[in-house]
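Below: the structure, in structure tokens.
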Amino acid sequence: MGILKRNVSVKPAQSAITIIAEGNKFCGDMSIVGKMHIDGMFEGNVSSLDSISIGKSGHVRGLIKARGVDVCGILEGEIICDELHIDAGGQVRATVESKQMSIHPDGCFVGERRMKETSALMDESSKIESGSDAIDSLPDKIVLEGKSE
């Protein structure tokens with residue numbers, strides 16, 4: 001089993017795919033432009049401008065940031081993406097921040113999902129803790145504007 005520890009920034013050609021093959025282990029941080037497929041073990045942070053897929057024998061622990069994430073293996077940690085798909089046999093134990101999330105009936109998700117976009121009603125300056133603070137901070141009037149035809 002090969003073990004590689006380092007910080008890597010990979011900029012492949014448009015058709016290239018970064019692969020961590022079965023039996024290999026990568027520890028560290030990786031930032032790539034294209035797609036990535038993991039069938040081995042990855043521990044650390046990985047960021048991709050495209051998509052990341054985790055094969056049936058793949059196991060990832062850490063933070064993943066990508067446009068799309070497809071999981072057939074095991075993913076543990078934190079995921080920030082536009083789309084997360086957990087396929088049959090896929091196991092995700094993580095905090096997920098995504099616009100879309102789909103889980104195959106034979107897939108497994110244990111964790112917390114947060115929506116990627118924030119509501120216009122709840123910006124950073126108006127976040128409420130809980131309890132009596134929430135009741136005291138309710139507005140007197142809420143106006144919702146509908147679309148005019």
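Coordinate-derived values only; no laboratory data. Small disclaimer: the values here were computed from a predicted structure and weren't measured. With ideal geometry, Cβ positions are generated from the backbone for all residues, glycine too; neighbour counts draw on all protein chains shown.
Descriptive notes on the structure:
- Environment charge of His104, counting only residues whose C-beta is closer than 12 Å and scoring Lys/Arg +1, Asp/Glu -1: -3
- Packing rank of 66-79, 17-30, where each peptide gets the mean count of other beta carbons within 10 Å, highest leading: 66-79, 17-30
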